[in-house]
Every structure is written in C-alpha cells, then in structure tokens.
Amino acid sequence: MSVSKTIKRKIRNRKRLKKFNKIGKFRISVFKTSKNISAQIIDDKSMKTVVSASSIEKDVAKNKKKMELSNIIGEMLAKRAKDLKIDKVYFDRGGYKYHGRIKAFADSLRKNGMKF
C-alpha cells in the first residue's frame, strides 16, 4: 500500500513536534482547502481548542484573494490570542509545505506578535 507524500510529511512533522507537548506551549494547527483557510490554537494537555479563526466567518470579506485571506486570518488569530494572553506557540503546518498561503499565514502571525 502506497502512502502519499502529504501523509508522510504530516507524520514526520507531528513526530518532530511531539517534544513540545511536554513544555506546555499551545499548538497552532492549520487547515486549508482550495478556497478557504482556517486555524486554531489548541491546548494539547486538556485537548481543547482555545482560539480559532476561519475565512468562513462573517467578519471576513469574501472578495479577497487567497493570499490576502491568509494574512487576514493570521491577524485575526493573533489578536484573539493576545486577548487571552497567549504569545508563545508552536506551529503545526500539518501535511502542507511551508510555502504560499501557509507561509503568508505564519508571517502574518509573527508580524502581529506571536512567537514560534
């Protein structure tokens, strides 16, 4: 049975990130489709989502391009995390390459004060 490159990348990334679960940092998990992007900050100890942001929300303008949506969602998530005094996280890109919309999202988070 053949395993796709995306699944291999996801497994490799998660294995590397397991060591951060012991430190107590929150995890940012990203999910993207061909049109939308969503992200959430997860507390792995209690297994609960703390903060989330998505391009499906009513606050986000639908006429934006994909890269602009990534930047807007990054700003929204960083602002919501600051309200809860969360600034140190680790970035779980899942099975996606750190390129394009995922990179734009991460850069937007960094510009707005998140450290990872």
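The values are calculated or read from the model by the stated rules, or taken from the named source; none is laboratory data. Values in this document were obtained by computation on a predicted structure and should not be read as measured data. Backbone-built Cβ (ideal geometry, glycine too); neighbour counts: all protein chains shown.
Just a few scattered comments:
- Criterion violated by Ser29 - all others in (1) more than 22 Å from Lys5 (Cα to Cα); (2) surrounded by 11 or more Cβ atoms within 10 Å (Cβ to Cβ); (3) small (Gly, Ala, Ser) satisfied: (1)
- For region 36-56, the set of residues classified as over 10 Å from the mean Cα position of the chain (by Cα), farther than 19 Å from Leu84 by Cα and either of a type in the set (A, V, I, L, M) or at pLDDT below 90 (or both) consists of Ile56 only.
- Within region 27-68, the set of residues being part of a strand (DSSP E or B), of a type outside the set (Gly, Ala, Ser) and under 21 Å from Lys97 (Cα atoms) comprises Arg27, Ile28, Val30, Phe31, Lys32, Ile37, Gln40, Ile41, Ile42.
- Scan of region 76-94 for residues that are assigned to a helix (DSSP H, G or I) and surrounded by 16 or more Cβ atoms within 10 Å (Cβ to Cβ), ordered by number: Met76, Leu77, Ala78, Ala81
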